[in-house]
1. Can you tell which of Ala108, Ala100 is in contact (Cβ under 8 Å) with a residue 12 or more places away in the chain, out of contact with any helix residue (DSSP H, G or I) (no Cβ under 9 Å at 6 or more places or on another chain), within 30 Å of Asp40 (Cα to Cα) and not in a strand (DSSP E or B)?
2. Go through the stretch 115-138 and give me each residue that's charged (D, E, K, R) and more than 27 Å from Asp95 (Cα to Cα).
3. Only one of these is open to solvent by less than 40 Å² (accessible area, probe 1.4 Å) and of a type in the set (A, V, I, L, M): Ala87, Ala78, Ala83, Ala72. Name it.
4. So, in the stretch 18-33, of the ones that are closer than 20 Å to Met81 by Cβ and part of a strand (DSSP E or B), which residue ends up modelled with the lowest pLDDT?
5. Please go through the stretch 46-74 and pick out each residue that is assigned to a strand (DSSP E or B) and within 15 Å of Arg115 (Cα to Cα).
Amino acid sequence: MSRRVALSVVTGVVLLGGAGALALAQAEEQTARYSAPEGDRDGSLVFVTDVTASSGVKNVKVLAWPQRSSFAEKGLTAEDMAAAEPAVCKPSGQDTVRCAYTAEVTGADAESSPRGAWHVAVLAIAQDGTTTLDTEAADFTVR
């Protein structure tokens, strides 16, 4: 996958400790779909989740990473997420936003991507500065 796609995949189940100040939806309330390119048609990675924060949601960043990578060995940090692209979030309740991300996957992206299991990391940041990071929020397979 291109750097943009690899840094931009969204999905996740994240819960922040401490009074439930910031939370991402549970697995049954979110969707993630990966479809590989086929012929002249590009593929895509699509993710949708709800994020709740009592102070409001400032942003949600996402990163897809292959299971066989340095992140698996050293661990993914919030600093690693700095270059990740944000999801597009829109209000969907009092303290809740629905966040969505779509990344185009070209044939060249798919050819250069490691095959096998991938994980999706999600970093959510509330207006009050509270953050939560789930480094293996969801999984998908690149064949």
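1. The unique qualifying residue is Ala108.
2. Passing the criteria: only Arg115.
3. From the options Ala87, Ala78, Ala83, Ala72, the qualifying one is Ala87.
4. It comes out as Leu24.
5. Matches in the stretch 46-74: Ala64, Trp65, Pro66.
The values are calculated or read from the model by the stated rules, or taken from the named source; none is laboratory data. In this text, all values refer to a predicted model and were calculated from it rather than measured experimentally. Using ideal geometry, Cβ is built from the backbone for each residue, glycine included, and neighbour counts are taken over all protein chains shown. To get the accessible areas, we keep the full protein, side chains included, count just its heavy atoms, and leave off ligands, DNA and RNA. Shrake-Rupley method; radii C 1.70, N 1.55, O 1.52, S 1.80 Å.
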